[in-house]
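Beneath this line is the structure, given in structure tokens, with notes to follow.
The values are calculated or read from the model by the stated rules, or taken from the named source; none is laboratory data. These numbers come from a predicted model, not from an experiment. With ideal geometry, Cβ positions are generated from the backbone for all residues, glycine too; neighbour counts draw on all protein chains shown. Side chains included, ligands, DNA and RNA excluded: accessible areas come from the protein's heavy atoms. Shrake-Rupley method; radii C 1.70, N 1.55, O 1.52, S 1.80 Å.
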Amino acid sequence: MLQLIVAVVLFFVMMFGIGFIFNMLLKTTWFPIYLFIIVLVPLGIWWTWDDSESVSANFTSFTIVDVLPVIGALVGAYVSGWAIRALRRGGYKMF
């Protein structure tokens, strides 16, 4: 259980940091969320895919332990976009 909590927090912080840097460099707000949903989630599903099982068996093989860090990373990507937007509204031109 402790490892799950650490993993969720770690993925949140990691995606927040990466998203914040992407937002600063590319001058976008929601690009990390799009990147996460379009690239990273399908890549994670493909990585764990087993061709010998059916499609439903592959998707039901994911447990809450597999899904919670992904949700934590998605929340981190959202919070990074929200933070950049708040900084821009606050008048910071650098972001």
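Observations
- Inter-part distance, segment 1-52 to segment 55-95, computed on C-alpha centroids, equals 6 Å.
- Loop trypsin sites (Lys or Arg not before Pro), the chain, which have at most 14 other Cβ atoms in a 10 Å radius of their Cβ (DSSP): Lys27, Lys93
- In plain terms, the C-alpha convex hull of the chain casts an average shadow of 6.9 nm² when viewed from every direction.
- Accessible-area order (highest first, 1.4 angstrom probe) of the listed residues Thr63, Thr29: Thr63, Thr29
- Heavy-atom accessible surface of segment 1-84, averaged per residue, reaches 68 Å², computed with a 1.4 Å probe.
- Whole-percent carbon and sulfur share, accessible surface of the chain, 1.4 Å: 77
- Electrostatic dipole magnitude of segment 1-94 [Cβ: Lys, Arg +1; Asp, Glu -1; Cα centre; debye, to 20]: 920
- Relative to the longest principal axis of the Cα atoms of the chain, helix 2-26 runs at roughly 50 degrees.
- In degrees, nearest ten, helix 64-89 long axis to first principal axis of the chain (Cα): 10
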